[in-house]
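One structure is given here, and the rest of the page talks about it.
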Amino acid sequence: MTTDFDAATFLQLPTDIRKHVYYHLNGSMMSIEPDGYDEVEFLTKKERKRRKMLFKYMYPVFKPYMELFKYDSEFIYKWLEMALWLRYDAIILDCLRLNQLDEGSLLGPIDIITLDGHLQFGLFDRRKYFLQVWYSKNDYQKLIMDQYFAYDKYKSDSDCNFIRFNLDVLSESMSSVTLTHLLRKQYLSFISQIWFGEDEAKALKEEGIVAVPDNIDEEQSEYMIDNADENAPVSRKRRKYTTIISNNSKTTLSPHIQMVVNNMKWMRNLRIVSCRGNRLFKHLINGHGLTNRNVKSIPSTIKKKIPQLELFQINNISRANVVDVTLWENLKSVTLNNIENVDLNMLIMPQSCVSLTIKHVSKCRWWNFKSTIDRICGNKLKTIDISQSNNPLKLEIIDEEEMTPELIYQCQQLFWKNLPELTEIIFYNVLSFFNDDPIIMPRALYTNKRVRFNRCGEIDHIILL
C-alpha cells in the first residue's frame with residue numbers, strides 16, 4: 001500500500017469491498033518475503049546495535065519457525081521489525097475478523113502452535129510458509145472474536161471452528177510439545193482440521209527404504225542396497241522410492257505422527273483431514289490392503305465421522321494399487337491437489353460423497369463408460385458441433401427419437417449407478433485428459449454447471465447421458 005493510503009477511510013468501506021481486497025492478498029499479510037540472497041547494506045552504528053539486539057533477544061523465541069530462512073538474514077531482520085507490531089494493525093485485525101465471519105474461507109485455517117512455551121494461534125504465509133501473526137487464545141478472543149459478534153449478532157458460539165493442527169509447519173519436537181500442551185489444557189476439542197505431512201526422504205531412510213534414480217531397475221537397486229556407502233554424497237536429482245525394505249525393518253509411522261494419530265479420538269470437532277505425500281497417504285488414508293500393513297492407522301471410528309478429505313503431492317496416486325477411501329463412510333468431499341496423474345477408474349469413493357475436486361494435475365483419465373455406452377446405444381447418439389476456432393469440441397447427446405425409453409433410462413443410470421450421490425465435480429488447472437475415452441457425464445450435471453473445467457487443457461469430446 002502507498003504512503004497516502006488512508007486506513008480509516010478504507011475501514012469505512014462496505015464489507016464486500018474490503019473482503020474482495022483481502023481475497024486478492026491470498027493470505028499474504030506482509031510486504032516482505034525471503035529473496036534467497038543477502039543484500040550488502042551499509043548500516044549506521046545505531047542500526048547495527050538495534051539489529052544485534054533483535055537477533056540476540058527476539059530471534060531465539062521465533063527460531064523454530066524462522067530457522068528455515070536463516071540463509072536470508074536480511075529477511076529475518078525485516079520480519080522481526082514488522083511482525084512485532086503487525087499483529088495489532090487495524091487492517092490485519094479487520095481482515096482476521098472478516099475471515100472469522102466467513103469461517104476461514106478468506107485467509108484459510110488458523111494453525112495452532114507453541115511459541116515461547118505457550119499455545120498460540122498462528123497465521124502462516126500460503127506461499128513461503130513463514131509465520132505472519134500470532135495470538136494467544138485470550139487475545140484472539142478479545143481482539144477478533146468479540147468484535148466478530150458485532151458483524152453478526154446472530155452468532156452465539158464463541159469458539160473458532162477452523163483451527164488446524166498442521167504437522168507441516170511444526171518440527172517433530174515442536175509437534176510433540178504442542179500436542180502435550182493441548183492435552184494438558186484439554187484444548188484438543190478445538191481442533192477442526194488436521195494436516196499430516198513429513199519429510200518423506202528422512203522417514204524412508206529410517207525405515208530402510210532406499211531411494212534410487214528412475215532409470216535403475218529393482219535388480220540394480222538391490223545391488224546398490226547391499227553395497228551402499230553411507231558416507232557417499234547424496235545427489236539432488238529427482239528420485240523414486242523403491243519398496244525394498246531391509247529384513248529387520250518394520251514399517252511404522254514416525255513417533256510424533258503416531259502420537260497425533262493416537263490422540264485423534266479427543267478431537268471431537270474434527271471435520272477435515274489433509275495428507276501430503278505418498279507414504280502417509282498409503283498408511284493413513286488409503287484403505288486398500290490396510291490389514292496387511294504393520295502400522296497403526298487412523299481408527300475407523302475417526303474415519304467414519306470425517307466429512308472432508310484432502311490429498312496433496314502424491315505422485316501417480318493410482319499407479320501402485322486402487323485408491324480406496326470407502327472406510328471414510330460419511331465422506332462428503334474429496335480433493336486431489338498437486339497430483340501427477342489421476343485415474344478416476346482407480347478411485348473408489350464412499351456412497352455418501354457428493355463433491356470431487358481435482359486441482360493442479362498433469363493428466364486425468366475419466367471413468368471408462370464408453371464400452372457400456374456403445375453396447376447400449378450403438379450409433380444412436382446425436383452429434384452437436386459447438387466447437388470454436390480455438391477449441392474444437394464434439395458434443396454428443398442421446399437421440400431420444402431413435403432410442404426407446406428403456407434404453408434411455410439405462411444410459412442415464414450408468415453414471416448414477418457407479419457414483420450415486422456425486423453431484424459436483426470441479427477440475428482446476430488440469431493440463432490434459434487422456435484421449436482414449438471421451439468424457440461421459442449426465443446432461444443435468446453439464447447444463448446446471450455442476451461439472452466445471454477451470455483453466456484446463458483442451459477437451460475435444462463429451463457425451464451427455
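The values are calculated or read from the model by the stated rules, or taken from the named source; none is laboratory data. Since this is a predicted model, take the numbers as computed values, not measurements. Glycine gets a Cβ as well: all are built from the backbone with ideal geometry, and neighbour counts include every protein chain shown. Only protein heavy atoms, including side chains, enter the accessible area calculation; ligands, DNA and RNA are left aside. Shrake-Rupley method; radii C 1.70, N 1.55, O 1.52, S 1.80 Å.
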- Query: Does residue 327 satisfy being in a strand (DSSP E or B), hydrophobic (A, V, I, L, M, F, W, C) and either more than 28 Å from residue 198 (Cβ to Cβ) or modelled with pLDDT of 80 or more (or both)?
  - Reply: no
- Query: Within the group 140, 71, which residue is farther than 25 Å from residue 270 by Cα and either among the hydroxyl-bearing types (Ser, Thr, Tyr) or under 20 Å from the mean Cα position of the chain (by Cα) (or both)?
  - Reply: 71
- Item | Residues located in the range 56-94, provided they are free of Cβ contacts under 8 Å to residues at least 24 places away in the same chain and over 21 Å from residue 118 (Cα atoms) | 70, 76, 89
- Query: Only one of (1) of a type in the set (D, E, K, R); (2) touching a Pro at 6+ places or on another chain (Cβ under 9 Å); (3) open to solvent by less than 70 Å² (accessible area, probe 1.4 Å) is not met by residue 437, so which one is it?
  - Reply: (2)
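This table checks each residue for (1) within 29 Å of the chain's Cα centre (by Cα); (2) open to solvent by less than 10 Å² (accessible area, probe 1.4 Å); (3) closer than 15 Å to residue 129 by Cα; (4) at pLDDT below 85.
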site: 30; (1), (2), (3), (4): yes, no, yes, no
site: 36; (1), (2), (3), (4): yes, no, yes, yes
site: 45; (1), (2), (3), (4): no, no, no, yes
site: 50; (1), (2), (3), (4): no, no, no, no
site: 53; (1), (2), (3), (4): no, no, no, no
site: 58; (1), (2), (3), (4): no, no, no, no
site: 95; (1), (2), (3), (4): yes, yes, no, no
site: 100; (1), (2), (3), (4): yes, yes, no, no
- Task: Could you tell me which of the residues 15, 114, 2 is open to solvent by 40 Å² or more (accessible area, probe 1.4 Å) and modelled with pLDDT of 90 or more?
- Result: 15
- Looking at the range 232-254, is at least one residue at pLDDT 65 or above, within 21 Å of residue 313 (Cα to Cα), out of contact with any Phe, Trp or Tyr (no Cβ under 9 Å at 6 or more places or on another chain) and of a type in the set (Val, Ile, Thr)? yes
- Query: Is there a residue being buried (at least 19 other Cβ atoms within 10 Å of the Cβ), closer than 17 Å to residue 113 by Cα and at pLDDT 90 or above anywhere in the range 179-187?
  - Reply: yes
- Task: Examine the range 63-84 for a residue that is among the basic types (Lys, Arg) and surrounded by 15 or more Cβ atoms within 10 Å (Cβ to Cβ), and state whether such a residue exists.
- Result: yes
- Scanning for something at negative phi, of a type in the set (A, V, I, L, M) and within 20 Å of the chain's Cα centre (by Cα), does the range 362-382 turn up at least one residue? no
